[in-house]
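Notes follow once the structure below has been shown.
The values are calculated or read from the model by the stated rules, or taken from the named source; none is laboratory data. Everything quoted here is computed from the prediction, not taken from an experiment. Note that each Cβ is placed from the backbone with ideal geometry, even for glycine, and that neighbours are counted across all protein chains shown. Just so you know, the surface numbers come from the protein's heavy atoms only, side chains and all, with ligands and any DNA or RNA stripped out. Shrake-Rupley method; radii C 1.70, N 1.55, O 1.52, S 1.80 Å.
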Amino acid sequence: MSAPGPGVDTHEMVLIHRVIRREFGQLPRLFRSAADDPARSKVIGAHAREMLHFLHTHHTGEDELLFPLLRERAALDPELMDRMDAQHAQVDAAVTAVGAELPGWTASADAAAGERMAALVEAAIPTLIDHLSEEEQRILPIVSATLTQSEWDALGKHGMSAIPLTRRLVILGHITEEADDAERQRFLQVVPAPARLAYRLIGHRQFTRETTAIRG
Ligand SMILES: [Fe+2]
């Protein structure tokens with residue numbers, strides 16, 4: 001294990017959080033927009049499934065690879081860590097409940113099921129937003145000073161490896177969508193050169209086509 005450096009660059013998590021805020025913020029409207037429209041519920045259902053998985057992976061990565069290290073090193077107020085855990089549990093319960101409805105709704109576009117999922121997401125959003133903000137403001141500065149580069153990199157690898165190869169370019173589109181030029185360049189430094197090229201050649205177009213269809 002290498003010694004903690006002058007500070008790990010944790011900004012990539014802010015980009016990941018933007019995807020979560022943006023896409024979960026839109027989900028209630030998208031579920032409602034597909035009421036009784038099975039062609040559309042297939043499109044929205046696939047997107048929602050991907051985003052539920054993205055959020056679940058993000059949280060399990062933190063649960064397994066981040067929070068234990070912070071607790072072990074007593075880097076943070078235990079009460080804050082307990083709150084982080086409780087927020088994860090609360091959001092995870094909503095993810096599980098939506099995930100249980102999703103396959104049936106994707107096939108049927110049943111309006112009542114869509115409304116239940118929309119309400120579940122809406123109910124979880126305040127906790128999710130508070131959680132992401134507090135993590136950015138209070139956890140990431142400590143992470144930067146406490147973790148080694150390899151410990152931080154393990155979190156990124158955990159997230160990336162959970163995304164199927166065929167979906168990585170689209171997810172890259174999501175992650176860089178709201179990034180400014182400097183953020184985009186910084187993030188792309190951790191992306192292998194062939195993937196950067198593939199994104200320019202085909203990924204960005206695929207991302208734009210998909211999100212245009214999804215957002216309507
Ligand atoms: Fe996070």
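Structure notes:
- Taking the conditions (1) modelled with pLDDT of 95 or more; (2) surrounded by fewer than 16 Cβ atoms within 10 Å (Cβ to Cβ) in turn, R186 satisfies each one other than (1).
- Test: residue in region 160-180 that is modelled with pLDDT of 95 or more, farther than 19 Å from E50 by Cβ and either within 17 Å of the chain's Cα centre (by Cα) or of a type outside the set (K, R) (or both): yes
- Region 114-147, subset among the charged types (D, E, K, R) and more than 19 Å from G61 (Cβ to Cβ), residue nearest to the ligand (Cβ to nearest atom): D130
- Residue check for A109: over 15 Å from the mean Cα position of the chain (by Cα) and at positive phi: yes
- Taken over region 143-155, the criterion of being open to solvent by 50 Å² or more (accessible area, probe 1.4 Å) and aliphatic (A, V, I, L, M) is satisfied by A145 alone.
- Any helices (runs of 4 or more DSSP H) falling wholly within region 1-117 and containing at least 3 residues that are touching a residue at least 24 places away in the same chain (Cβ under 8 Å): 11-33, 38-61, 78-108
- Just so you know, in region 164-183 the residues that are aliphatic (A, V, I, L, M) and away from the ligand (no atom under 16 Å from the Cβ) include one that is most open to solvent (accessible area, probe 1.4 Å), and it is L165.
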